[in-house]
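Presented below is the structure to which this report refers.
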Amino acid sequence: MTAHFEIGSVAAGALLFVLRDGHGDVLLTSRIYRDPGEALSGIGHLRRSAPLATRYLRRRDAGGTQHFVVHDASGEVLAKSEIHSTAWAMEAAIEQVMRHAATATIAASGLTVPAPPPR
C-alpha cells in the first residue's frame, strides 16, 4: 500500500486529514477545517509544501520528545507530526513526508465524513 491521505470528522462541523505511510501509520495530522473543500485545499497546500526542506520546523520539548510541523509559504502550519523519541526517527518521518506527500492518494477513511453541502 502507498502513502495516502484520509479526511474525517472529529466533531460536529470539524474536519481534519491525516497522511499515512504505506503501512498505515500516521505521519502527519492537519489542523481543523470547517468543510471538505477546505480540507482538500489544505491537502493541496501540503502537497506543494512537502517537497521543500525549508517548510519543516523541528521542535523538541523539555522531556526530549520531538515532532515537526509543515508550514506553507506564508508560515501557516498545515500539519504536525506524531511525537518521536529520537531525532533519527523524526528525520526519517520528514524524509517520508517529503518523498510521498506530493503524490499520496486520498483514500476512503474509517472516520465519518459529512456529505458536502448541495451546490
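No lab work stands behind these numbers, since they all come straight from the coordinates. For clarity, every value in this text was computed on a predicted model and none was experimentally measured. Every residue, glycine as well, gets a Cβ built from its backbone with ideal geometry; the counts of neighbours run over all protein chains shown.
Here the residues D25, D72, D61, ranked from fewest to most Cβ neighbours within 10 Å of their Cβ, fall in the order D61, D25, D72.
Think of each Lys and Arg Cβ as +1 and each Asp and Glu Cβ as -1; about the Cα centre, that makes the dipole of the chain roughly 220 debye. Dipole of the chain computed with +1 at Lys/Arg Cβ and -1 at Asp/Glu Cβ about the Cα centre; of A73, G24, T105, farthest Cα towards the positive end is A73. Ranked from largest, the principal axis spans of the Cα set of segment 1-58 equal 34, 26, 20 Å. GNM remark for the chain: springs join alpha carbons under 10 Å apart, and the peak mean-square fluctuation among L16, L27, L40 falls on L40. Its Kirkwood hydrodynamic radius, worked out from the mean inverse distance over all distinct Cα pairs, puts the chain at 14.5 Å. Calculated mean residue ellipticity at 222 nm for the chain: -7500 deg cm²/dmol, from DSSP H runs with n ≥ 4 weighted as -39500 (n - 2.57), summed, divided by the residue count and rounded to 500.
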